[in-house]
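See below for the structure under consideration.
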Amino acid sequence: MLRHHSAAGSSAVRSVHQARLAPARYRRITMLVLLSLIIALSGAIGYSLGNAGPAQAADLDDASSVAAFNDRLAKQNDLCAAVEQVNLEQELAREKEINDTLADSLENQKEEMDNLEETILNALMANLTDKLISRSSKTVDAYIEEAQNLISLSRKLSSFKKTEEASEIDLSAYEAAIKNRLAYLPTIKPIPGVYDGYGYRIHPIYGYRHFHPACDVGAPRGTPIKAAAAGRVVRATYNRSSGYYIEISHGNGFSTLYLHCSKLYVKAGDTVSKGEQIGAVGSTGTSTGPHLHYEIHFYGSPLNPRRMIME
């Protein structure tokens, strides 16, 4: 019996056969893919599980390390504080030593300065003594030289007192010694002006030639008259020739007279200081106008006032 194969039948048989064969053809490939995925997934899971333990262990180790580090840090801080305390104490000790040394140095400098001051003062006093005359040398020239020396020393002292070094040395005793010795020498002008007329001259009123033992100094009436030196007032009175007049004894053989005053501010027995106001210029007594008749005597003998006027 012959089989007839139609075209339609042939297509149907082929389709069914190919549909059955497709899964079989790709089954091996699919299994390989699935197996690969399983292996990869297993590896990933194993890796995760394998690393989970060390990570937790690391976390524990980290916590322990932090605690240990904090302990070490605390100990180091305590050590640093102790070291800092020791350093501070040592620094304070050094500063105290420096201060003690400085205090000793200042004390030594003060002592040296005191010794230097005493040495300088002694030297100056010795120099002053050398420039003073002996009381046995009672000559006008000797006193004039002494007065010149004292005035020179006084001027040098005044210049020194203007320097910065003056504050380091107390020379008040030296200054007082100079002033005290100079105070009793008639070296200042009783009034400002020109001092002349000492010696022989023609009397301005009576017209005869005579010795004039004084200097006449013209000045307005009322001009203050100062004591030429310190001393004691011997006379403060009036007579017809001299008018109102004053006589002062200064010691050392010196005395001074002030004639023709308009006013007297002292009386006999008074003690006056050098430069003190004692009267006022006038024209009393035998006088041609307001002026001061000024005399200096040395042991009773007249002395030209211009020889003693130095200040």
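The values are calculated or read from the model by the stated rules, or taken from the named source; none is laboratory data. Owing to the predicted nature of the structure, the values given are computational and were not obtained by experimental measurement. Note that each Cβ is placed from the backbone with ideal geometry, even for glycine, and that neighbours are counted across all protein chains shown.
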| task | Would you point out the residue of segment 187-211, among those that are at pLDDT 95 or above and in contact with a strand residue (DSSP E or B) (Cβ under 6 Å, 6 or more places away or on another chain), that is farthest from residue 151 (Cα to Cα)? | result | 198
| said: Being out of contact with any Ser or Thr (no Cβ under 9 Å at 6 or more places or on another chain), modelled with pLDDT of 95 or more and either among the small types (Gly, Ala, Ser) or within 22 Å of residue 202 (Cα to Cα) (or both) is the filter here; which residues of segment 252-300 pass it? | reply: 258, 269, 273, 275
| Is there any pair linking a residue in segment 231-242 that is touching a residue at least 40 places away in the same chain (Cβ under 8 Å) to one that is small (Gly, Ala, Ser) and assigned to a strand (DSSP E or B), with Cβ under 7 Å and at least six apart or on different chains, and which? | 231/249; 231/251; 232/249
| Filtering segment 185-224 down to residues that are touching a Leu at 6+ places or on another chain (Cβ under 8 Å) and under 14 Å from residue 308 (Cβ atoms), which residue is surrounded by the fewest Cβ atoms within 10 Å (Cβ to Cβ)? | 214
| query | In segment 243-256, which residues are in a strand (DSSP E or B) and out of contact with any Pro (no Cβ under 9 Å at 6 or more places or on another chain)? | reply | 243, 244, 245, 246, 247, 249, 251
| message | I need the full set of residues from segment 225-241 which are closer than 15 Å to residue 280 by Cβ and surrounded by 15 or more Cβ atoms within 10 Å (Cβ to Cβ), in order please. | response | 225, 226, 227, 236
| Is there a residue being among the hydroxyl-bearing types (Ser, Thr, Tyr), touching a strand residue (DSSP E or B) at 6+ places or on another chain (Cβ under 9 Å) and under 13 Å from residue 198 (Cβ atoms) anywhere in segment 285-305? | yes
| Only listed residue being under 22 Å from residue 300 (Cα atoms), touching a residue at least 60 places away in the same chain (Cβ under 8 Å), out of contact with any Pro (no Cβ under 6 Å at 6 or more places or on another chain) and among the acidic types (Asp, Glu), chosen from 216, 270 | 216
| note | In segment 172-184, anything surrounded by 12 or more Cβ atoms within 10 Å (Cβ to Cβ) and among the small types (Gly, Ala, Ser) is listed as 177, 183
